[in-house]
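Okay, so here's the structure we're looking at.
The values are calculated or read from the model by the stated rules, or taken from the named source; none is laboratory data. None of the values given here were measured: they were computed from a predicted structure. Quick reminder, even Gly has a Cβ in these numbers, built from the backbone with ideal geometry, and neighbours come from all protein chains shown. The accessibility values were calculated without ligands, DNA or RNA, using every heavy atom of the protein model including side chains. Shrake-Rupley method; radii C 1.70, N 1.55, O 1.52, S 1.80 Å.
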Amino acid sequence: MLRSNQEILIVVVPMSAIREFIAVDMIGSTAFYYTLKLALRKLIFVDIFAIAGSIILPIVYKQIFHRKPSAEQERTKKIPMNKASGTMA
């Protein structure tokens, strides 16, 4: 059963955001985890500190290096669509 008032949401993720996610969240956090684990290997709760550090690293990075949208991203606009027909208004 089709409804005539459906909305279509299209999300475009820039390649730079994907690269930043892979570099910071995946590779950076993993490297930081193992660095802390090796540096603090004589402590009892080393895993807890290493996990906490690898979680906090991307958060701190994003707070410090939060970038403003580029000129290209600012130029993009939402295109309203006619809900009844699904065509662009």
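Quick notes
- Only one of ALA39, ALA71, ALA23, ALA50 that is among the aliphatic types (A, V, I, L, M) and modelled with pLDDT under 85: ALA71
- Any hit, the range 53-61, residues being outside any helix (DSSP H, G or I), open to solvent by 90 Å² or more (accessible area, probe 1.4 Å), of a type outside the set (Asp, Glu) and modelled with pLDDT of 85 or more: no
- Condition check for SER16 on (1) modelled with pLDDT of 90 or more; (2) open to solvent by 80 Å² or more (accessible area, probe 1.4 Å): one failure, at (2).
- Near pairs, Cβ below 9 angstrom, 6+ apart or cross-chain, from the range 17-39 (under 14 Å from ILE51 (Cβ atoms) and basic (Lys, Arg)) to any residue that is part of a helix (DSSP H, G or I) and open to solvent by 50 Å² or more (accessible area, probe 1.4 Å): LYS37/ASP47; LYS37/PHE49
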